[in-house]
Amino acid sequence: MSRRAWMARQRFLDLMGATNLIPGPNSTEMTMHLGYERSGAAGLVAAGTGFILPAAGITAALAWLYVEFGVLPAVESVLAGVRPAVLVIILAAVWKLGRRAIPDWRLAAIATAVAAAVAGGIGEVPAILLGGLAGGLFLQLPRVFNALAASWFALGLGPGAASAASEASLPKLGLFFLKVGSVLYGSGYVLVAFLEGGLVDSYGWLTRQQLLDAIAVGQFTPGPVLTTATFVGFLVGGLPGAAVATAGIFLPAFGFTWILNPLVAKLRASAWTAAFLDAINASAVGLMAVVAIDLGQATLYSWPAWIIAVVAAALLFLARWPAMRVVAVAVAAGWVASAGGWQ
């Protein structure tokens, strides 16, 4: 932005702030905004596609390797080291997001209620939307958003509504990720909660170990974290599944960004949209905390896993290493633990 001088800094800041008001991956949507600023709708599509495709391609290639060789000890040792580190990265995200998203007791109450609802068996999408609805009412949200959230829940669009171990198909896979992409607020780490509740618990398409491996791949590949959907799609439906899942989770972002861009000036000054966002973000933090606990039970099953998790926590919280470097150390630690026969 500074080097090419494509837009004023204030406009950039306005777009960045407004992007937090819509569902979808913020980094991807900011790229789409920049494309829209340069060349309208065509620029939006070109920028978004260019940002997504390289990461999706790399992730699909890694998914193929995982399917072909994932049971080999050499690969398993790497993944065994990465899983505890990914769990710590998720916990770090919960902590960082929580400090920003829950500044007062009202939002803390919403987060706690959503966490309790998810732990009690309510689907992730209904829970987070009900959190937004309740928070919106509590924080004086306009009726239009209340009606939208209530209608979404009434139609049963949450992935948690599916029956367990249902048969996978490309339309069902695409619809699942389309729905997730339509309601995914905040950090890409919130995706973990939707995938765990929908793909593991409700549909039974993945095991928790496969989910952790998918998250790990999304973490150490370049590009948006949401390309985890590409990996998941490949596991469920091969290359067509990867394409359908990727298109499904990113397609709503194109539409939301196209609608939002001309409205940024009005949204920036609206206290009502800020209330909705506050409630959704607090709900997401509560949801992520429940999922992190659940994944921890499936990950920390040996003393090497605990050691890797503790070291990863020290590097993230104390040394303030970026997640990519922590994952690299975890890969090496997993290999050493395997070579020493400690796993």
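Filtered by the rule that a residue be open to solvent by 20 Å² or more (accessible area, probe 1.4 Å), over 21 Å from ILE215 (Cα atoms) and touching a helix residue (DSSP H, G or I) at 6+ places or on another chain (Cβ under 9 Å), the range 75-114 gives ARG100, ILE102, PRO103, ARG106, ALA108, ALA109, THR112, ALA113. Among the residues of the range 218-234, those that are over 15 Å from THR49 (Cα atoms) and crowded, with 24+ Cβ neighbours inside 10 Å comprise GLY218, THR228, ALA229, PHE231, VAL232, GLY233, PHE234. Taken as a whole, the range 295-318 holds at least one residue that is at pLDDT 75 or above, assigned to a helix (DSSP H, G or I), more than 22 Å from the chain's Cα centre (by Cα) and of a type in the set (Gly, Ala, Ser).
Residues in the range 203-214 that are in a helix (DSSP H, G or I) and open to solvent by 10 Å² or more (accessible area, probe 1.4 Å): ARG208, GLN209, GLN210. Of all residues in the range 166-212, those satisfying the criterion of being more than 22 Å from ALA117 (Cα to Cα) and at pLDDT below 85 are SER166, GLU167, ALA168, GLN209, LEU212.
Checked against the criterion of being within 18 Å of ALA216 (Cα to Cα), of a type in the set (Val, Ile, Thr) and either modelled with pLDDT under 80 or surrounded by fewer than 16 Cβ atoms within 10 Å (Cβ to Cβ) (or both), the candidates VAL291, VAL326 yield just one match: VAL291. For ALA18, the conditions (1) closer than 23 Å to GLY132 by Cβ; (2) at pLDDT 70 or above are fulfilled apart from (2).
The values are calculated or read from the model by the stated rules, or taken from the named source; none is laboratory data. This one's a predicted model, so the numbers in the text were calculated from it and none came from an experiment. Note that we place each Cβ from the backbone using ideal geometry, even for glycine, and neighbour counts take in every protein chain shown. With ligands, DNA and RNA removed, areas are computed over all heavy atoms of the protein, side chains included. Shrake-Rupley method; radii C 1.70, N 1.55, O 1.52, S 1.80 Å.
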